[in-house]
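Trainee: Quick one: the structure is below, and I'll ask about it shortly.
The values are calculated or read from the model by the stated rules, or taken from the named source; none is laboratory data. Computed from a prediction, not measured in an experiment: that's the story for all the values here. Reconstructed Cβ throughout: ideal geometry from the backbone, glycine too, with neighbour counts over all protein chains shown. Areas reflect the complete protein model, heavy atoms only, side chains present, ligands, DNA and RNA absent. Shrake-Rupley method; radii C 1.70, N 1.55, O 1.52, S 1.80 Å.
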Amino acid sequence: MLARVWSAAIVGIDAVKVGVEVDIAGGLPAIVVVGLPDTAVQESRERTKAAVKNAGFPFPMRKIVINLTPADLRKEGPSFDLPISIGILAASEQVNSDLLNELLFLGEMSLDGSLRPVAGVLAIAAAAQKLGFKGLVVPTANAQEAAVVPGLTVYGCRDLPEVVDFLNHPNQHTPVRLDGEAELARSPRPSLDLKDVKGQAQARRALEIAAAGGHNLVFVGPPGSGKTMLARRLPSILPPLTFSEALEVTRIHSVAGLLKDKGSLVAHRPFRSPHHSASGPSLVGGGSFPKPGEISLAHRGVLFLDELTEFKRDVLEFLRQPLEDGYVTITRTRQSVEFPAQFTLIASTNPCPCGYYGDPVQPCTCTPRSREQYWARLSGPLMDRIDLQVVVGRLKPEEMTQTQSGEPSEQVRQRVEVARNRARDRFHSDPELQCNADMQSRHLRQWCPLDDSTRTLVEAAVRKLNLSARATDRILKVARTIADLEGATDLGAAHVAEAIQYRTLDRMQ
């Protein structure tokens, strides 16, 4: 007898419907799986056979052919264990097959018939809703994650007998309910706070500008000056995730298999901090079956590169295209997938190999040649894409011992949200723009007009600092953010002058 059960496969961060066709016919007992299965799917033959028997169901001792459609799509992972088991039971008439065309199944099977969680459930749940399925059957551990998708009926089951009982008696089972927006609203704010930072007024100002406009930022200073402390507090002044943004972020983390410790929904803007030994594929994503890398896991959040100059130059060059376009494309022989990568880059580095160049207390022991080679690790095109370049100096003794707290993150975030709302009101006719950093040259002509005195100031900066056209555009974007923070409609010379001062490290040796 022939039975068909529906499941799904992950491609990038999206899901594709997969039909699991099971045919039981005469012949010597054997299980054959076709349809480009990987090793994990091939091993489903043994897992499902043991699981069906140990769950108390007779296993048909005949030839079983399992076809995964479409046949030209590579299938990977253990998530097909459950649909294969249900297909075998339906083909052997041990389960009611009336609902099989209306539901989508996925889950890994243990040998005792219990269900284990799998990755990518949120992406599959979103696809199931678009494809018109009435419900989704998943392991209990994945049920809350799938239920985040509005309007989709989700059933969580502990083991194979519970799934069979649901198919035979659907009215006796209650679907899982979850109010995703309420879940997001209940999430506490990040614990790190800017009030813990002592001194560093200019660095705090740059951090506020970066948050308000989505600008990339690098801190340069000696060890112990507070660069990392400042960077880790950037998420605390960013606006909270909207529900649609939280779904985007959660989908990426779900596909990457990182949602187990984050509950059903990623409620805070991501903060990713890869080590400087990270490879290019670990940053941008990759693998035989492409998975998202650090820059995609930082989508809608922050990518922090500590000790920027310790990263390999070729690894840093991987960032250039995602920083410009907001996504990364991974191409393989059989497929090409696109991962979103709209993140704010914040980095920190020492000014020289010994770390004390320009420090008023500790003398620098580096030669001019070694400093030149040190900064040569950062290419001009990459530095062009970093809007704010800030020198963080050593704290003064009186600043180290002060007991008064600085301005808390809550107050700064309120100003940031007001500035971002001004930008969104300005971009109402172009919904693809989320913040000032997203503007292109055509937008600058419309929203960043310059009067004669301001134009003269920009031209002088271009000549003196040898700025590229990209760097010049980024000065105007930063100036637009500074104006938004002040509530100004037009750009003034003071806004542009402040933005220019953040480009002084472009040619630092």
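Trainee: Among 362-370, 114-122, what's the highest-first ranking by average C-beta atoms within 10 angstrom per residue? Don't jump to the answer; show the numbers that get you there.
Mentor: Numbers: 362-370: 12.4, 114-122: 23.6.
My ranking of the peptides, most packed first, is 114-122, 362-370.
Trainee: Assuming R0 = 56 Å, what is the FRET efficiency of D196 and R369, from their Cβ-Cβ distance, to the nearest 0.05? Numbers along the way, then the final one.
Mentor: On the way: r = 39 Å, r/R0 = 0.70.
The value I calculate is 0.90.
Trainee: Something else about it: Express the carbon and sulfur contribution to the solvent-accessible surface of the range 415-509 as a percent, rounded to the nearest whole number, probe 1.4 angstrom.
Mentor: Values: 2330 of 4820 Å².
Result for the range 415-509: 48 percent of the exposed heavy-atom area is carbon or sulfur.
Trainee: Taking the solvent-accessible surface of protein heavy atoms with a 1.4 Å probe, what is the per residue accessible area of the chain in Å²? Display every interim value, and only then the final one.
Mentor: Details: 22230 Å² over 509 residues.
About 44 Å² of surface per residue is accessible.
Trainee: Label points 7 Å out from Cα along the Cβ direction at V391 and R334: separation in nm?
Mentor: Distance between the two pseudo-spin positions: 5.5 nm.
Trainee: Give the accessible area for H495 in Å² (nearest 10); use a 1.4 Å probe, count only protein heavy atoms, and leave out ligands, DNA and RNA.
Mentor: 20 Å²
Trainee: What percent do you get for the relative contact order of the range 343-384 when only Cα pairs under 8 Å and 6+ apart count? Don't skip to the answer; put the middle values down first.
Mentor: Details: 24 pairs, mean separation 11.8, N = 42.
Here the relative contact order equals 28 percent.
Trainee: Using alpha carbons only, what's the Rg to Rh ratio of the range 456-501 with Rh from Kirkwood? Before the final figure, lay out the partial values.
Mentor: Working: Rg = 10.3 Å, Rh = 10.5 Å.
My calculation puts Rg/Rh at 0.97.
Trainee: How large is the helix-only mean residue ellipticity at 222 nm for the chain, computed as the sum of -39500 (n - 2.57) over DSSP H runs with n ≥ 4, divided by its residue count, in deg cm²/dmol to the nearest 500?
Mentor: When only DSSP H runs of four or more count, the value is -10500 deg cm²/dmol.
Trainee: Counting only Cα atoms, I'd like the Rg/Rh figure for the range 1-154, Kirkwood definition for Rh. If you can, show how the numbers build up before the last one.
Mentor: On the way: Rg = 14.4 Å, Rh = 15.3 Å.
Radius of gyration over Kirkwood radius for the range 1-154 works out to 0.94.
Trainee: Distance check, please: which entries in K130/K291; K53/K134; K227/K477 exceed 28 angstrom between their Cα atoms? Could you put the intermediate results ahead of the total?
Mentor: Details: K130/K291 23 Å; K53/K134 30 Å; K227/K477 24 Å.
Those over the limit are K53/K134.
Trainee: What does the C-alpha gyration tensor say about the overall shape of the range 323-432? Classify as rounded when a/c is under 1.5, otherwise prolate if a/b is larger than b/c, or oblate. It would help to have the intermediate numbers written out before the result.
Mentor: Details: a/c = 2.91, a/b = 1.25, b/c = 2.33.
It comes out oblate by the Cα gyration axes.
Trainee: So for the range 242-387, Kirkwood radius off the Cα pairs, Stokes-Einstein at 20 °C and 1.002 mPa s: how many µm² s⁻¹?
Mentor: Estimated via Stokes-Einstein, D reaches 128 µm²/s.
Trainee: Oh, and also: I'd like the carbon and sulfur percentage of the solvent accessible area for the range 206-355, probe radius 1.4 Å, heavy atoms only, ligands and nucleic acids excluded. Display every interim value, and only then the final one.
Mentor: Values: 2490 of 5120 Å².
The computed percentage sits at 49.
Trainee: Let me ask something else about it. Whenever you get a sec, compute what percent of the accessible area on the range 96-178 sits on carbon and sulfur atoms (1.4 Å probe).
Mentor: Values: 1530 of 3450 Å².
Answer for the range 96-178 is 44 percent, counting heavy atoms of protein chains only.
Trainee: Continuing with this model, one more query. If packing is taken as the mean number of other Cβ atoms within 10 Å per residue, what is the order of 480-489, 332-341, highest first? Kindly include the intermediate steps, with their values, before the conclusion.
Mentor: On the way: 480-489: 19.7, 332-341: 16.1.
Per-residue mean Cβ counts within 10 Å order the peptides as 480-489, 332-341.
Trainee: Rounded if a/c is under 1.5, else prolate if a/b is larger than b/c, else oblate: which is the range 268-344, with a ≥ b ≥ c the root eigenvalues of its Cα gyration tensor?
Mentor: Working: a/c = 1.80, a/b = 1.30, b/c = 1.39.
Here the range 268-344 falls in the oblate category.
Trainee: State, to one decimal in nm, how far the label point of L36 lies from the label point of D72, with both points 7 Å from Cα in the Cβ direction.
Mentor: 0.8 nm
Trainee: Now, a different point. What is the Cα convex hull volume of the range 401-451 when expressed per residue in Å³?
Mentor: Details: hull volume 7.1 nm³, N = 51.
Looking at the range 401-451, the number lands at 139 Å³ per residue.
Trainee: From a point 7 Å beyond the Cα of S429 in the direction of its Cβ, which residues of the range 435-478 have a backbone N at a distance under 12 Å?
Mentor: 443, 446-447
Trainee: So what's the angle, to the nearest 10 degrees on a 0 to 90 scale, between helix 469-486 and the longest Cα principal axis of the chain?
Mentor: 90 degrees
Trainee: If you don't mind, another one. Which sequence of D98, D306 reflects their accessible areas, 1.4 Å probe, from the largest down? Provide the component values of the computation, followed by the final result.
Mentor: Numbers: D98 115, D306 45 Å².
From most exposed to least exposed: D98, D306.
Trainee: Here's another thing I want to ask about it. Rounded to the nearest Å, what's the spacing between the alpha carbon centres of the range 348-395 and the range 268-314? Just the number, please.
Mentor: If we compute the Cα centre of each part, the gap is 22 Å.
Trainee: Over the chain, what is the relative contact order in percent, taking alpha-carbon pairs closer than 8 angstrom and at least six residues apart? All intermediate terms of the calculation are to be shown ahead of the outcome.
Mentor: On the way: 993 pairs, mean separation 66.5, N = 509.
Contact order relative to length: 13 percent.
Trainee: Also, I was wondering about something else. Among the aspartates and glutamates, which have Cα under 18 Å from the Cα of K75 when same-chain residues fewer than 8 positions away are ignored?
Mentor: Straight-distance partners of K75: D14, E21, D38, E43, E46, E108.
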